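Encoded as structure tokens, the structure appears first; notes follow it.
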Amino acid sequence: MSEQLATSPYDALLLLSFGGPEGPDDVVPFLENVTRGRGIPKERLKEVGKHYFLFGGVSPINEQNRALLDALREDFAEHGVNLPVYWGNRNWAPYLTDTLREMTADGRRRIAVLATSAYASYSGCRQYRENLADALATLTAEGLEPPRVDKLRHYFNHPGFLRPMIESVLASLADLPEDVRAGAHLAFTTHSIPDAAADTSGPAEEHGEGGAYVAQHLDVARLIAEAVREETGVAHPWRLVYQSRSGAPHIPWLEPDICDHLETLHGEGVPAVVMAPIGFVSDHMEVLYDLDTEATAKAAELGLPVRRSATVGADPRFAAAVRDLVLERAATERGRAVERCALGALGPSHDLCPVGCCPARAPRPAAAGADSPYA
């Protein structure tokens, strides 16, 4: 294998995702996994899970991950990258611990991990690292020697992640009626999180209002809006907005909500909106329900034409970006100097999450960081 395609010291890639139910009987057990330790009654979980039941109790995220697995394996094979790809979830089968147990039995000793979350935050990064630490602790308690896991860097500004979203926004604009297209606004959406979690996202030196979470999303939104202007000649107004809030009403979360934003734009006489879910890797339930169902219904109520652009999903360019991230990290671990692909003002993210990065409210061990108990 050439030096450019060498994956050493890694002998496997793990796709690590959230998981989702695959039938009506799975919905409440899945939500019990997600909310474990919070003491939420089963009847309340049934109410929370109503949007899953609207789709037959099936979240699209698992099928999206299967498609991404196929895309990664196909890309690796086409480019001579000899690295097996596994898949594990935090909250549903295939469970992370089971997958790591399988990888250990297969003799995998050094694993690169791709999380299906592109940005810095507790729920989008450190919680995945905590789940990795929990799984490794379970393997150790079973008498197994756990592998070393290294989480790949945040890829929000990698061109292979950005270009598919740019083209999706362009396609959505082109799909609007011609008489409203030029005046359309762009609403870049991501998952709302508590203000306190946003403010402490990223390395400690980046903490402050919105933290790395908001800064990274704003940089992506600017890059997409600028690319759209360059390719259409129209500078569409834009804003970063939020969706999928799920916390207690008295706790401040990032705002404005997409539905509130649509009402504001309608009141200002904006003729059309493209909703671009830049905070999500795939069209999973929060995209299908919160945007395609709730926000689209709100727009219809207002008489406001809207389109929703596609997420990256299993786009071959994203698969190629993952290959790039794996080879980049492998070369770095071998002591090689590498050029890291990143667009925008923020540059490439760190490989190793530093101490104090996206802290939890209650400290817990987390793998794949400077404070990891697993070397």
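Brief remarks follow.
- Out of A182, A174, A212, A196, sole residue that is over 28 Å from A297 (Cβ atoms) and open to solvent by 40 Å² or more (accessible area, probe 1.4 Å): A196
- Segment 139-166 residues that are farther than 26 Å from Y122 by Cβ, paired with ones that are not in a helix (DSSP H, G or I) (beta carbon under 7 Å, 6 or more apart): P159/C341; P159/L343; P164/V312; P164/D315
- Residues that are of a type outside the set (F, W, Y), crowded, with 17+ Cβ neighbours inside 10 Å and modelled with pLDDT of 95 or more, drawn from segment 240-255: L240, V241, Q243, L254
- Segment 230-239 - residue that is touching a His at 6+ places or on another chain (Cβ under 9 Å) and open to solvent by less than 80 Å² (accessible area, probe 1.4 Å) and, of those, nearest to V214 (Cα to Cα): P237
- Yes/no for R44 being charged (D, E, K, R) and touching a residue at least 12 places away in the same chain (Cβ under 8 Å): no
- Among the residues making up segment 292-342, those that are under 28 Å from A67 (Cβ atoms) and polar (S, T, N, Q) are T293, T296, S309, T311.
- Filtering segment 316-341 to residues that are assigned to a loop (DSSP other than H, G, I, E, B) and either aliphatic (A, V, I, L, M) or open to solvent by less than 30 Å² (accessible area, probe 1.4 Å) (or both) leaves A337, V338.
- Qualifying residue in segment 339-354 (condition: more than 24 Å from E74 (Cα to Cα) and either among the acidic types (D, E) or modelled with pLDDT under 95 (or both)): yes
- Candidate set: segment 356-369, residues that are hydrophobic (A, V, I, L, M, F, W, C) and at pLDDT below 95; chosen: the one surrounded by the fewest Cβ atoms within 10 Å (Cβ to Cβ): A362
The values are calculated or read from the model by the stated rules, or taken from the named source; none is laboratory data. As the structure is a computational prediction, the values presented were derived from the model and not from experiment. Quick reminder, even Gly has a Cβ in these numbers, built from the backbone with ideal geometry, and neighbours come from all protein chains shown. What goes into the accessible areas is simple: the full protein's heavy atoms, side chains included, and nothing from ligands, DNA or RNA. Shrake-Rupley method; radii C 1.70, N 1.55, O 1.52, S 1.80 Å.
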